[in-house]
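Asks: Below: one structure in structure tokens.
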Amino acid sequence: KSKTKKTLILLRESKMEAQTDRSQFKDWNIIYPAYLNSEFTERQGRRVPKEKAVRHPRLDEISMILKHFKLNHVVEMDKSYPREWWNNGRIRFQLKQADGSLTNPEISSKKKLLVQMAELIPKLKTRQEDATVGTGATTSTGGGAAKKNKNKKNKKRK
């Protein structure tokens, strides 16, 4: 239920945003989830080092991190990354104010923001819940199969 609520919130935001004048956001920076995706190569659009990248980042996670850094942002669900056109959604965020000063002094560049996002997304509650659910089943099944293979190899050697 929580994932559907988040999706609905994003959809509502995009509908409201579509009704407003987009020209006020045109100078803001853009983040596509592909920039942080560990499954992508640099050629496919990843912009952070593979070691720091996140597996399948979602728009709501990126939005949470931007809220954490107190950066103004808008979710645009009707836009998509050209190299990944089937996945809708991007986020525009305000790095610098109209006078040129930084919105958040901790974030001096888009690259630094992306790296910090990649470090913080795995620490989100949603990611930790997904990890605990996924690891329980994988560990018990994976360990048994490895033992069986070892036993077979040892029998063949004797």
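Asks: Can you tell me which residues in region 81-114 are touching a residue at least 40 places away in the same chain (Cβ under 8 Å), assigned to a strand (DSSP E or B) and either out of contact with any Ser or Thr (no Cβ under 8 Å at 6 or more places or on another chain) or β-branched (Val, Ile, Thr) (or both)?
Replies: TYR81, GLU84, ILE91, ARG92, PHE93
Asks: So which residues in region 34-58 are on the phi < 0 side of the Ramachandran plot, in contact with a strand residue (DSSP E or B) (Cβ under 7 Å, 6 or more places away or on another chain) and at pLDDT below 90?
Replies: Residues satisfying the conditions are ALA34, ARG46.
Asks: Assuming THR103 fulfils every condition listed in (1) out of contact with any Asp or Glu (no Cβ under 8 Å at 6 or more places or on another chain); (2) at pLDDT 90 or above; (3) open to solvent by less than 40 Å² (accessible area, probe 1.4 Å) apart from one, which condition is it?
Replies: Of the numbered conditions (1) out of contact with any Asp or Glu (no Cβ under 8 Å at 6 or more places or on another chain); (2) at pLDDT 90 or above; (3) open to solvent by less than 40 Å² (accessible area, probe 1.4 Å), the odd one out for THR103 is (2).
Asks: Further question on the same structure: When the residues of region 52-64 are narrowed to those that are open to solvent by 50 Å² or more (accessible area, probe 1.4 Å) and not charged (D, E, K, R), which ends up farthest from TYR35 (Cα to Cα)?
Replies: The extreme case among them is MET64.
Asks: Please specify each residue of region 65-95 satisfying the condition of being open to solvent by less than 70 Å² (accessible area, probe 1.4 Å) and hydrophobic (A, V, I, L, M, F, W, C).
Replies: ILE65, LEU66, PHE69, LEU71, VAL74, VAL75, MET77, ILE91, PHE93, LEU95
Asks: If you don't mind, another one. PHE40 passes all but one of (1) open to solvent by 80 Å² or more (accessible area, probe 1.4 Å); (2) in contact with a helix residue (DSSP H, G or I) (Cβ under 8 Å, 6 or more places away or on another chain); (3) not aliphatic (A, V, I, L, M); which number fails?
Replies: All conditions are met except number (1).
Asks: So, one more: Return the residues of region 50-80 that are part of a loop (DSSP other than H, G, I, E, B) and free of Cβ contacts under 8 Å to residues at least 12 places away in the same chain; say none if nothing qualifies.
Replies: Residue satisfying the conditions is GLU51 alone.
Asks: Given the conditions (1) at pLDDT 90 or above; (2) under 14 Å from ASN29 (Cβ atoms); (3) within 11 Å of the chain's Cα centre (by Cα), report the number of the one that GLU119 does not fulfil.
Replies: (2)
The values are calculated or read from the model by the stated rules, or taken from the named source; none is laboratory data. Since we're looking at a predicted model, the values are computed, not measured. Virtual Cβ from ideal backbone geometry, glycine too; neighbours counted across all protein chains shown. All accessible areas refer to the heavy atoms of the entire protein, side chains included, with ligands and DNA or RNA removed. Shrake-Rupley method; radii C 1.70, N 1.55, O 1.52, S 1.80 Å.
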